């Protein structure tokens with residue numbers, strides 16, 4: 001951390017997470033590509049079944065993000081407590097943290113099972129979903145929620161591996177689930193190799209099957225390779241203080257990740273009031289952007305420990321170098337997204353071939369406009385990581401809330417009323433520009449108050 005060339009260090013730490021997150025992004029994209037090709041004769045009155053399926057998946061997505069936020073927050077809390085206890089060689093706390101984390105994951109899965117069983121349709125309808133989109137969306141969300149046990153177990157077992165430094169095994173777990181999903185998607189959606197044609201329900205089943213397989217893989221690797229942690233629920237009793245310590249760290253993460261859930265929910269409600277196809281366009285955009293933003297998030301995982309370590313070691317030169325290198329890489333990833341969205345938006349949209357011309361009609365101008373936000377988003381994402389690494393999570397929270405809620409949603413609402421689909425997409429560059437200004441000020445403050453006061457190192 002303190003001697004290896006910074007560029008090499010960032011690549012060594014960040015590359016496994018970049019690859020893992022790229023695979024995660026890819027399976028989300030592939031999922032939607034297959035869903036878009038669904039056909040159904042009953043959909044001719046309101047557009048293609050593929051468009052309805054994309055709208056359905058898009059309306060389920062905010063609640064999927066919420067489900068993930070709860071699991072990720074619990075995992076972060078467990079990881080934090082475990083890492084500290086392992087460093088202190090406090091084996092009792094290690095065991096309590098692991099087993100209470102599993103218990104909390106089971107409770108979360110039960111809660112989402114109940115929501116999926118009884119309220120999935122209402123959640124889709126609350127965004128304006130109707131017709132075939134409502135049918136598909138209810139099917140998809142109910143399956144994902146009712147079978148969330150897999151993803152919650154996957155989350156917790158991955159965090160147990162990460163807390164003991166076994167990130168390679170964690171990556172194997174993630175990639176296994178993603179690859180299972182990718183393979184099963186066309187088989188279950190279209191009914192191949194003797195399986196019934198399940199359409200959108202097939203996509204959901206493929207997703208949860210991948211998660212269950214990943215969870216089983218994670219459990220196996222923990223039992224066979226992770227000897228520092230003992231997993232056993234025999235005679236287990238929930239331990240209030242341990243649960244409190246897990247959520248003290250985990251709840252802020254849940255809130256941060258839930259911001260995106262609220263944003264997509266609000267955008268879906270605004271867009272569906274204009275045109276169902278606009279929701280499909282937004283869904284496609286969100287899937288595509290993950291291909292360019294996920295590497296940035298993987299890069300962040302390399303930057304956080306390097307910054308934190310060298311801050312503790314009082315080495316400003318390596319801190320500044322790490323920030324500059326990550327910004328360079330982030331700008332490169334974002335620039336690729338900008339160029340593709342500007343130059344070949346039609347080709348990108350044709351990947352999600354719904355058979356409905358409205359996806360191209362509305363999607364091409366949308367992607368060309370949204371493209372501009374890539375030129376600024378990279379700076380806001382890296383900036384947020386810098387603030388977290390140096391102990392100022394409030395700056396990161398403010399930038400994230402500003403980007404995704406405080407500016408974006410009001411701007412989208414106002415522009416939708418003023419100019420409909422011709423203007424609403426400008427809310428993304430506007431929100432990014434305003435957040436960029438705020439981010440510049442916070443970066444100035446962080447440099448002045450913290451970074452500049454760290455010695456240059458040797």
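No lab work stands behind these numbers, since they all come straight from the coordinates. Predicted, not measured: the structure shown is a model, and the values here were computed from it. Quick reminder, even Gly has a Cβ in these numbers, built from the backbone with ideal geometry, and neighbours come from all protein chains shown.
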Highest mean first, how do 317-328, 332-343, 71-82 rank when packing is the count of other Cβ atoms within 10 Å averaged over residues?
71-82, 317-328, 332-343
Order these peptides, 208-217, 439-448, by their mean beta-carbon neighbour count within 10 angstrom, highest first.
208-217, 439-448
Cut-off 17 Å (backbone N to label point 7 Å along Cα→Cβ of residue 192), residues of the stretch 1-38
27-38
Additional length obtainable on full extension of the chain from residue 117 to residue 255, 0.36 nm per residue less Cα span
47.2 nm
Simple label model, 7 Å out from Cα along Cβ direction - residue 422 to residue 239, nm
6.4 nm
Global geometry of the stretch 210-349, whether rounded, prolate or oblate, following the gyration tensor of its Cα atoms and the 1.5 cut on a/c:
oblate
With runs of 4+ DSSP H residues as the only contributors, calculate the mean residue ellipticity of the chain at 222 nm using -39,500 (n - 2.57) per run, divided by the residue total and rounded to the nearest 500.
-28000 deg cm²/dmol
Quick one: which of 360-367, 264-271, 194-201 comes out on top by average Cβ neighbours within 10 Å, and what's the full order, highest first?
264-271, 360-367, 194-201
Could you tell me how far the Cα centroid of the stretch 3-32 sits from the Cα centroid of the stretch 359-414, in Å?
21 Å
Need the full-extension length gain, residue 39 to residue 126, defined as separation in residues times 0.36 nm minus the C-alpha distance. One decimal, nm.
28.8 nm
Among 346, 31, what is the fewest-to-most ranking by other Cβ atoms within 10 Å?
346, 31
Mind running the shape call on the chain? Use the C-alpha gyration tensor, a ≥ b ≥ c as the square roots of the eigenvalues: rounded below 1.5 for a/c, prolate if a/b tops b/c, oblate otherwise.
oblate
Global geometry of the stretch 37-258, whether rounded, prolate or oblate, following the gyration tensor of its Cα atoms and the 1.5 cut on a/c
prolate
Between residue 107 and residue 274, what is the label-to-label distance in nm when each label sits 7 Å out along the Cα-to-Cβ direction?
4.2 nm
Over the chain, what is the relative contact order in percent, taking alpha-carbon pairs closer than 8 angstrom and at least six residues apart?
22 percent
So if I take the centroid of the Cα atoms in the stretch 306-323 and the same for the stretch 177-248, what is the distance between those two points in Å?
37 Å
Distance between Cα centroids, the stretch 136-173 to the stretch 89-105: provide it in whole Å.
18 Å
Per the rule of 0.36 nm per residue minus the C-alpha distance, extending residue 344 to residue 12 adds in nm 116.2 nm
